[in-house]
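One structure below.
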Amino acid sequence: MTDRQERAPCSICGELPERLVANTGRDERFPDAVYRLRHFDLDSDFDLARCPECDAWFEWEDERAFTGSGNNDEARLRRLAPETAAALRKLVDNKFEPGEEARLLAIASAGVLDSVARAVRRRISR
Ligand SMILES: [Zn+2]
């Protein structure tokens, strides 16, 4: 901890690590902060979420175990890289220059799951 730029940690997502897994099949829950993120409702199995305070972006994935009792079902949350988040932010908020869309989509798609990238494409082409 030396001369890095001082920035107050986000009061919502500041405590969240880069990756989180919850064993939802065994009633494990994410920390409460996760439920304060704004979800996009892209799909029931995957989603994007953004922090209402600092606008960090997260990818959410629900993975059902298709064998056995479902006890191994997992939900995963991953903090997206800043460049991925920046591209998604512009696309979703419709704040990009004409002709910039393909480049932003390529950046965003490289940083998220294929299923998420397809859902984002569908959403912004509406
Ligand atoms: Zn935050």
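Quick rundown of the values:
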{"quantity": "Helical contribution to [θ] at 222 nm, DSSP H n ≥ 4, -39,500 (n - 2.57), averaged over the chain, rounded to 500", "calculated": "-8000 deg cm²/dmol"}
{"quantity": "Descending semi-axes in whole angstrom, ellipsoid equivalent of region 19-124, from the Cα gyration tensor", "calculated": "28, 15, 10"}
{"quantity": "Computed magnitude of the charge dipole of the chain (debye, nearest 20; Cβ of K, R +1, Cβ of D, E -1)", "calculated": "340"}
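Every number here is computed from the coordinates shown, using simple stated rules; none is lab data. All values reported here derive from a predicted model rather than from experimental measurement. Because the Cβ atoms are built from the backbone with ideal geometry, glycine has one as well, and the counts that use them run over all protein chains shown.
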